[in-house]
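Report on one structure; see the data block that follows.
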Amino acid sequence: MSGAALLAVDDLARAFTAPPGLRWLLRGGARPMVRALNGVTLAVARGETLAVVGESGCGKSTLARALVRLIEPDSGQIVFDGEDVRGLSGQALRRYNRRVQMVFQDPYGSLNPRMTVGEILAEALRVHRLVPPSGLAARVAELLVLVRLPADAAGRLPHQFSGGQRQRVAIARALSVEPELLVADEIVSALDVSVQAQILNLLLDLQERLGLAILFVSHDLRVVRHIAHRVAVMYLGRVVELGPAEAVFGQPLHPYTQALLRAAPAMEPPPDGQRPQAGAAALAGELPSPLAIPPGCPFHPRCPAARADCAELVPRVHVAAGGHMATCHLLG
């Protein structure tokens with residue numbers, strides 16, 4: 001990671017009470033807990049993109065929501081620009097909410113269907129008092145240009161746009177308050193591949209122009225390879241590998257990361273006249289329930305190289321060259 005950390009997360013944990021099932025209704029007692037985050041530690045530098053990847057249910061979206069204070073962690077620390085985020089309140093929390101903005105996966109549900117795009121963008125500006133009333137229309141026009149939407153978009157409703165255009169509106173709303181960190185939670189997963197590329201290129205351009213830091217949550221390794229400076233791989237609420245993107249993709253250390261890369265579709269298009277090749281077989285076995293995380297290394301029931309100690313001992317962090325880290329007994 002180059003530069004000082006803008007955001008640092010240390011040992012973050014969060015559990016949720018599971019919904020009542022038939023077994024609980026019959027037997028009673030304490031309801032089981034879903035352990036969504038289990039000691040997550042990572043950092044994001046100014047101007048960099050850190051991608052957080054993993055299968056559905058690994059805790060990626062829970063982490064994203066914890067960072068913007070949509071949910072409160074049970075323990076651990078979030079430090080932004082030297083401030084303890086969990087201790088913020090009042091005006092200090094309001095400033096943090098402006099400096100760290102989130103863009104959600106669903107561009108349909110994240111925009112008020114009864115407000116025009118101009119009203120949506122102006123509302124954020126009014127709430128944070130960044131622009132005088134007389135300057136709202138001009139600033140809205142600037143934001144539409146920034147995300148490459150036509151000027152007449154300001155007078156239209158969200159349902160009049162395509163999914164990719166709606167996501168551009170959501171990005172413009174987040175950028176309207178001039179954040180320093182953008183938390184992007186699966187923002188291209190609901191879009192066509194061609195539209196995904198347009199949104200990713202837009203993010204890269206905005207990052208270069210505005211100096212944004214981005215925490216990019218995704219399950220799609222092709223997307224991550226295109227946009228990330230560094231990659232954090234999560235499994236059952238833990239970061240199992242973290243390092244520069246070229247190292248994680250070129251020399252993955254953790255067996256889980258290796259399996260994800262084998263299972264991913266081909267990164268490069270096939271030669272003309274050839275059919276695209278599917279990725280290798282998916283990971284063996286099912287993702288264990290977060291209600292009953294396996295002891296030791298949580299990946300050991302699915303790991304083809306697991307040893308006896310993998311089922312008993314939690315692996316320590318192994319650090320390789322260039323700050324490339326992984327938690328695996330096989331690394332010594």
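The values are calculated or read from the model by the stated rules, or taken from the named source; none is laboratory data. Since the structure is predicted, the reported quantities are computational estimates derived from the model, not experimental observations. Cβ sites come from the backbone with ideal geometry, for glycine too, and all protein chains shown count toward neighbours.
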Is it fair to say Val231 is outside any helix (DSSP H, G or I) and either modelled with pLDDT under 95 or under 16 Å from the mean Cα position of the chain (by Cα) (or both)? yes
Quick one: would you say Val169 is touching a Pro at 6+ places or on another chain (Cβ under 8 Å), closer than 23 Å to Glu123 by Cα and not in a loop (DSSP other than H, G, I, E, B)? yes
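Results for (1) outside any helix (DSSP H, G or I); (2) at pLDDT below 90; (3) not small (Gly, Ala, Ser), shown as yes or no for each residue.
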site: Leu242; (1), (2), (3): yes, no, yes
site: Ala266; (1), (2), (3): yes, yes, no
site: Gln277; (1), (2), (3): yes, yes, yes
site: Ala281; (1), (2), (3): yes, yes, no
site: Gly285; (1), (2), (3): yes, yes, no
site: Ser289; (1), (2), (3): yes, yes, no
Considering only helices (runs of 4 or more DSSP H) fully contained in segment 12-125, which possess at least 1 residues that are touching a residue at least 60 places away in the same chain (Cβ under 8 Å) and surrounded by 15 or more Cβ atoms within 10 Å (Cβ to Cβ)? 60-67, 90-99
Could you list all residues from segment 81-105 that are hydrophobic (A, V, I, L, M, F, W, C) and either touching a Pro at 6+ places or on another chain (Cβ under 6 Å) or closer than 19 Å to Leu12 by Cβ (or both)? Val85, Leu88, Leu93, Val100, Met102
Show the residue pairs meeting these rules: Cβ distance below 6 Å; 6+ apart or different chains; first residue within segment 299-313 and on the phi < 0 side of the Ramachandran plot; second residue modelled with pLDDT under 95 and surrounded by fewer than 12 Cβ atoms within 10 Å (Cβ to Cβ). Arg302/Ala284; Arg302/Gly285
Of residues in segment 128-140 being farther than 11 Å from Ser176 by Cα and part of a helix (DSSP H, G or I), the one farthest from the chain's Cα centre (by Cα): Ser134
Please go through segment 219-228 and give me each residue that is surrounded by fewer than 24 Cβ atoms within 10 Å (Cβ to Cβ) and not in a helix (DSSP H, G or I), ordered by number. His219, Asp220
